[in-house]
Amino acid sequence: LEMWPPTAATLRESKGEPRLLLRLLLLLLLLITGTAGRGGGLAVGALAGEPVRPDESMYGVFSMACTYRRVEVEVFVGSLRATGFGGVVQFGVDKAVDEEMRAYLAANRVTVDSLPCETIPLVTPEQRALPHGLWLGGLNQARYTHYLRWLAEHDFERVWLLDARDVIFLRNPFESAPHNLVLFAEMPTTSVWVAQRVSACFGDEISKEMMRTLRYNLCGGTVYGTSAGIAGFAREMAGVGKDMSLTGAQRRVCHVNDQPLINYLTYREGIRAPGKLRTKNLGAVELHIMFHGPALTIKTPRVCEMFTGRLRKNGNDTGDLAIVHKWNKCPAARALARSRFPTLPVDKVVGNSVSEELKFKR
């Protein structure tokens, strides 16, 4: 490296010394092709004065795809890889997943694990026979124990926990760095459905207090954080589920969905409004409201309407938004997905409209 950059005298000497010229050329080649990773050399971006690309092998996207077919995950995987993300994508899949699905996931470098789909505590034989019966047996809650296992098996720096069937990526989701744990609201108030579940599983008094004080309904399908932040969150979610099983009403309805759990957990941790705050068991938490931060859940007709208006105003430019959850429930989001990813099976992804879903949950 003492030879670089070469002086005029060194260049003059090299004309009569082929070996010296060869050494200079080899040194230049090493500088140009060096990597920015651990122990690597100087990246091309660094030579050009551009930002150095991070080591994405330390970034992970976790999701569960138990009972899913290729068409149900292709928009998720295809749009994610289309952003240029080259890091880890890990799915829970069935042990007997069909060959088309297995080949597709392998071709797109998706790590698979069948254990989450085989170890659901409350699933019955009748439920297992249904198309998505495993989810009725408590997979939404049990998945957090498997997320903890995946975190322990790989040295991650940042991780997204996401739903698989109804998430689409508009840009690399790791462009923004989380401080510890990032949560996202999907409604500006606690939903009646969540309040009813909390009442049945944690008690009526807690449910009433949540309805009175918790200003936002949180989504369990979009959670982001550092490895430590996600591990702390997963431990607390698993713990809340166990507490509910022991002290709550012994009703199967309490074990189906994790949305009442995440809202109960944030209520218990004193999270009442958006912004950054420190909690007792989750550490530093940042709560984003709708249309703030890298992820958006289109939960209600109003959010769909606002998303549609923003697309029209900005000429389909979605700015820094990286993830749209429940895109398949909003016509404008579906049209955007169709235009961005014409080769993906956008129109084969089924989903009720947000209006129909709200009627069902009420």
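At-a-glance table
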{"read-out": "For the range 270-302 versus the range 147-177, the gap between their alpha-carbon centres in whole angstrom", "value": "17"}
{"read-out": "Cross-link partners of K242 among aspartates and glutamates (Cα-Cα below 18 Å; sequence separation of 8 or more within a chain)", "value": "D258, E269"}
{"read-out": "Aspartates and glutamates with Cα under 18 Å of K329, excluding same-chain neighbours fewer than 8 positions away", "value": "E72, E74, D163, D166, E186, E305, D347, E356, E357"}
{"read-out": "Percent carbon-and-sulfur accessible area, the range 259-336, ignoring ligands, DNA and RNA, probe 1.4 Å", "value": "48"}
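The values are calculated or read from the model by the stated rules, or taken from the named source; none is laboratory data. Keep in mind the model is a prediction, meaning the values are calculated, not measured. In case anyone asks, the SASA skips ligands and DNA or RNA and just uses the protein heavy atoms, side chains included. Shrake-Rupley method; radii C 1.70, N 1.55, O 1.52, S 1.80 Å.
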